[in-house]
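Asks: Would you mind keeping the following structure in view while I ask a few things?
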């Protein structure tokens, strides 16, 4: 028996309603059919905490390789776009299976130790303060400029890229999810291909420079050197090849930029919606990390991630075919009432605030989670300390036209600086 349809409308997941508010569909799926087919595309939505946990535990059946993505075909129906036609590398860090995944993660993990990430807190306060000043002086504006600038600066620092290049490559840091957006037109593909080539050339230049830098060095410190140096050393030692190194850098570039910008903008949106919450956090800044954790749970930067079915098998009592795709709906699992009390409410005093899937789960848990939390915390600390109120301006918030990433592209707020009437 095959899984029932996810909706009477096969393209529900590709609709504007899903982009603006995915949670009603998630709730219906959890209660009625936690495994559901997306039309005749071969894609299936996995909506419950329990089933997602099962998928993550069954790597022999379900691969993390990103070989195809859901999109709307020429007939307007949901279909799978084969990424192999673009020469995409489906086996680096976040989308790698074992043993490659462990090799890639082992290379990077030392650089993401919490103690080392904590050293970025001071420069983060400087960067956020500088980015806030024009907004405070103008009484507000589109805070997306702030949400995007900070992660781009952090990515530059970690990879060892010039801070002066941030305005040049910030667009690349925000286009990581474009291929997974669901609307892949020929014009869009051409743009992505051109920009991806520019990004690859740029990162390749810095990778080659890092390789030249370490030519006469016998020992690399994975806890202090830039990630480009670490990747160059990995190539030298035969752990990875150049294509894998560039793939890893590209993933960090996109995931570290776009997902954190999404988290920051969601935090700001929720504060504007709830002035009492903003006042509570001003009075008790120690609660800011709890607030950030709840935003990650309630509004995860990525609504889902893909798995590809390796062989004919069953899940949740339904048959799956080899090469079917699974969409693990983090956005749904994080509101599963079997896992969370009052799942749709933002509660600052949950007993286990980090027990969610907002940063993924299992071996592929986001390597940059500690860093993303820190960036969001510092932005909120600086903003709340500098303002007496945060309210909406006369403009509707807008989300990126993506079924995959939940990132605001416009969020105009009015900011009343402290000390003003």
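Bear in mind these aren't lab numbers, they're just calculated from the coordinates by the rules spelled out. Computed from a predicted model, the values in this text were never measured in an experiment. All Cβ positions, glycine included, derive from the backbone under ideal geometry; neighbour counts span all protein chains shown.
Asks: Out of every Cα-Cα pair in region 199-334, what percent are more than 20 Å apart?
Replies: 66
Asks: Here is a further query. Rounded, prolate or oblate: which one fits region 123-258, using the alpha carbon gyration tensor with axes a ≥ b ≥ c (rounded when a/c is under 1.5, else prolate when a/b beats b/c, else oblate)?
Replies: Oblate shape, in that a/c is at least 1.5 and b/c is the bigger or equal ratio.
Asks: Same structure again: Report Rg(Cα)/(2.2 N^0.38 Å) for region 1-54, keeping two decimals.
Replies: With N residues counted in region 1-54, Rg over 2.2 N^0.38 Å equals 1.07.
Asks: Same structure, new question: Using only Cα atoms, what Kirkwood radius does region 329-410 have, in angstroms?
Replies: Result for region 329-410 stands at 15.6 Å.
Asks: Could you line up 38, 69 from fewest to most neighbouring Cβ atoms inside 10 Å?
Replies: Ascending Cβ contact count within 10 Å gives the list 69, 38.
Asks: Along the Cα-to-Cβ line of residue 215, 7 Å from the Cα, sits a label point; which residues in region 233-262 have backbone N less than 15 Å from it?
Replies: 233, 236
Asks: Still on this structure, please answer the following. Using the reciprocal of the averaged 1/r over all distinct C-alpha pairs, how large is the Kirkwood radius of region 264-361 in Å?
Replies: By the Kirkwood definition, the hydrodynamic radius is 15.2 Å.
Asks: Picking from 348, 327, 13, which is most flexible by a Gaussian network model of the chain using Cα springs under 10 Å?
Replies: With Cα springs under 10 Å in the chain, the top fluctuation among 348, 327, 13 is at 348.
Asks: Build a GNM of the chain with springs between Cα atoms under 10 Å: which of 119, 195, 75 gets the top mean-square fluctuation?
Replies: Result for the chain, Cα springs under 10 Å: 75 fluctuates most.
Asks: Can you give the Rg to Rh ratio for region 241-291, taking only C-alpha atoms and Rh from Kirkwood?
Replies: Rg/Rh for region 241-291 comes to 1.28.
Asks: Which parts of region 233-249 would a label at residue 205 reach, counting a residue when its backbone N lies under 18 Å from a point 7 Å out along Cα-to-Cβ?
Replies: Hits in region 233-249 for residue 205 at 18 Å: 246-247, 249.
Asks: How large is Rg over Rh for region 377-418, taking Rg from the Cα atoms and Rh as the Kirkwood inverse mean of 1/r across Cα pairs?
Replies: Answer for region 377-418: 1.08.
Asks: Taking the Cα atoms of the chain, report the difference between the largest and smallest coordinate on each principal axis, in whole Å and largest first.
Replies: If we take the Cα atoms of the chain, the spans are 65, 57, 44 Å.
Asks: Right, another one. How far apart, in nm, are two points set 7 Å out from the Cα along the Cα-to-Cβ line at residue 385 and at residue 125?
Replies: So the label points at residue 385 and residue 125 sit 0.5 nm apart.
Asks: Here is a follow-up. Could I have the simple spin-label model distance between residue 115 and residue 398, label points 7 Å from Cα toward Cβ, reported in nm to one decimal?
Replies: 4.7
Asks: While we're looking at this one, here's another question. Out of the DSSP beta bridges found with both residues in the chain, what percent are antiparallel (nearest 5)?
Replies: 80
Asks: Rank the residues 81, 191 as a footprinting-exposure proxy: fewest other Cβ atoms within 10 Å of their Cβ go first.
Replies: The most exposed by this proxy come first: 191, 81.
Asks: Still on this model: Quick one: length gained pulling residue 197 to residue 236 fully straight, 0.36 nm per residue minus the C-alpha distance?
Replies: Between residue 197 and residue 236, full extension yields 11.7 nm more.
Asks: Let me ask something additional. Once both labels are modelled 7 Å past Cα along the beta-carbon direction, what's the residue 354-residue 280 spacing in nm?
Replies: If labels sit at residue 354 and residue 280, their model points lie 2.2 nm apart.
Asks: Here is a follow-up. Can you give the FRET efficiency to the nearest 0.05 for residue 133 and residue 20, using r as the Cβ-Cβ distance and R₀ = 35 Å?
Replies: 0.65
Asks: From the gyration tensor of the Cα coordinates in region 64-161, what semi-axes in whole Å does the equivalent ellipsoid have, largest first, with each one equal to sqrt(5λ)?
Replies: Over the Cα atoms of region 64-161, the ellipsoid semi-axes are 35, 25, 9 Å.
Asks: Rounded to the nearest angstrom and ordered from largest down, what semi-axes does the equivalent ellipsoid of region 1-97 get from its C-alpha gyration tensor (root of 5λ)?
Replies: That gives 23, 19, 12 Å for the three semi-axes.
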